[in-house]
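The values are calculated or read from the model by the stated rules, or taken from the named source; none is laboratory data. Everything numeric in this text was worked out from a predicted model, so none of it was measured. Cβ coordinates were reconstructed from backbone atoms using ideal geometry, including for glycine residues, and neighbour counts include every protein chain displayed. Just so you know, the surface numbers come from the protein's heavy atoms only, side chains and all, with ligands and any DNA or RNA stripped out. Shrake-Rupley method; radii C 1.70, N 1.55, O 1.52, S 1.80 Å.
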Amino acid sequence: MSDVPAQRGLPHGVPRDVLGPVAPAPGEAAFDDDHPPRRDLVDDCVHCGFCLPTCPTYVLWGEEMDSPRGRIHLMKQGLDGEPLTPSMVAHVDRCLGCMACVTACPSGVRYDRLIEDTRQQVERRHRRPRRERVLRAAVFALFPYPRRLRLLRGPLRAYQASGLRRLVGRTGLLPRLAPQLAALDSLAPRIGAAGRLPERIAARGPRRATVGMLTGCVQHTFFPEVNAATARVLAAEGCDVLILPERQGCCGALSVHNGRRAEAQRFARALVDAFDSAGIDYFVVNAAGCGSALKEYGELLADDPAYAERAASFAGAVRDLCELLVELGSVAPRHPLPVTVAYHDACHLAHAQGVRAQPRELLRAVPRLALREIADPEICCGSAGVWNVLNPEPAGQLGERKAHDVLATGAELLVTANPGCLMQIAAAVRRQGGDLAVAHTAQVLDASIRARPVDDLLR
Ligand code: SF4
Ligand code: SF4
């Protein structure tokens, strides 16, 4: 993905707009007419406050302007001609985009649409302080590029194996000197062997469907075993799995969820090009944030005549792994896994895609697996894409709250469907001195189908 020219002081491939727009004229209205938050959607909010207890930032700070209702009020002010002030931007930035408020709202307010439109206005029209611009430039020059992320694997593995990580942790200096770097250090999972996926994996037994499979950026780089398990489960359930690993890049989720719409559109077009003539029935995703963005490709590319129709049709074929497995019905026999599991709802799976019942149904169908529920499942763990890197302190607080609730279940294994949640909760459990194995839903199903010993999951 290096279709953008190099910019002085930044790695090749970093878009020109990466350091943000020039400062707007003083007093200029917050929004221009390029997709401002829609006034009819803003007006749907009746200020009832039912969403407040589910909003992680309101739970943390109890500030009206850090609640969904408060943020909608700020959008209304922007639509009424108020300027985009640093304070307004801070309240917008603090939103995790977890969409718990969308689930909680009895009036059906489309906060997801509102925040996405607001964020792309902020990204185009607000000039952030230099330190923030540089941090964001670095984050977005790295995370949506699997090839660049892969270059980190070697040094990170050496850093972890050398004992340097423990030494740095013992000094306690990193969180004070560079909190964002400290957050990355504590989140990074143990780097294992790199996996290589083939172009295609044939269905076992009669073919029931042909599916494309997203490999993702963080998933592909840090959790290759999750992708391998996903492909095996799909094949065992009668799917021909088309992976095309060399043709896949980022799906654009990180970019679109952070207001970088043009960048997200570039990624989306490339993925549609790679798969829409490949003859697939479904496009399967095993990362919650990616799945929710992919299902919105129709909206993301609606203004592009060359792609609007193709993107909408592609989005219609997107399924979360568990969603598709339940839709198809299982044919592969399950073997017992004697283990107690706490299942964590990733926000972009539960709130953004409404996929809650399917993972539970699939886990319950594994013989001898006992499923436990986590208290306050609607509250985000604080991962939220790169929110935990950009906001390490509150993200840490949310992570610890979630880790406490997970440990209280007494489960041996935490299962979820998003790499960010896995890393965030595992890091918070470690900080609390807890000991808990973590796995993706696909790994549990794969272990059950292949009759693997449960210790494979608990290592
Ligand atoms: S998306 Fe999450 S953090 Fe943002 S306002 Fe809604 S509940 Fe709060
Ligand atoms: S977003 Fe929905 S739940 Fe929240 S205050 Fe507005 S109408 Fe009520």
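For the chain, what's the relative contact order in percent, using C-alpha pairs closer than 8 Å and at least 6 residues apart?
Computed value for the chain: 14 percent relative contact order.
Relative to the Cα centre, what is the charge dipole magnitude of the stretch 242-389, using +1 at the beta carbon of each Lys and Arg, -1 at the beta carbon of each Asp and Glu, and rounding to the nearest 20 debye?
460 debye
With +1 on each Lys and Arg Cβ and -1 on each Asp and Glu Cβ, how big is the dipole of the chain about its Cα centre, in debye rounded to the nearest 20?
The calculation lands at about 1860 debye.
Which percent of the accessible area of the chain is formed by carbon and sulfur heavy atoms (probe 1.4 angstrom)?
Exposed carbon and sulfur together represent 54 percent of the surface.
From the backbone phi of the stretch 447-452, what are the Karplus-calculated ³J(HN,Hα) couplings (6.51 cos²θ - 1.76 cosθ + 1.60, θ = phi - 60°) in whole Hz, Gly and Pro given as x?
Running phi through 6.51 cos²θ - 1.76 cosθ + 1.60 with θ = phi - 60° gives 5, 5, 5, 8, 6, 6 Hz.
Counting only DSSP beta bridges with both residues in the chain, what percent are antiparallel, rounded to the nearest 5?
10 percent
Around A403, with a cut-off of 9 angstrom between Cβ atoms, what is the net charge of the other residues, counting Lys and Arg +1 and Asp and Glu -1?
That sum, taken over residues with Cβ under 9 Å, equals +2.
Can you give me the long-range amide H partners of G212? Hydrogens built in the peptide plane at 1.01 Å from N, cutoff under 5 Å, separation of 5 or more residues or another chain.
L242, D281, Y282, F283, V284
Any idea which of A203, P146, A161 is furthest toward the positive side of the dipole for the stretch 98-213, if Lys and Arg beta-carbons carry +1 and Asp and Glu beta-carbons -1?
Projecting each Cα onto the dipole axis, the largest value belongs to A161.
Taking amide hydrogens as modeled 1.01 Å from N in the peptide plane, which residues meet the under 5 Å criterion relative to A437, leaving out close sequence neighbours?
Under 5 Å from the amide H of A437 lie the amide H atoms of L414, each far enough along the sequence or on another chain.
From the phi of every residue in the stretch 57-74, what ³J(HN,Hα) in whole Hz does the Karplus formula 6.51 cos²θ - 1.76 cosθ + 1.60 yield, where θ is phi - 60° and glycine or proline is x?
Values, residue by residue: 6, 5, 4, 6, 10, x, 9, 3, 6, 9, 10, x, 4, x, 5, 5, 4, 5 Hz.
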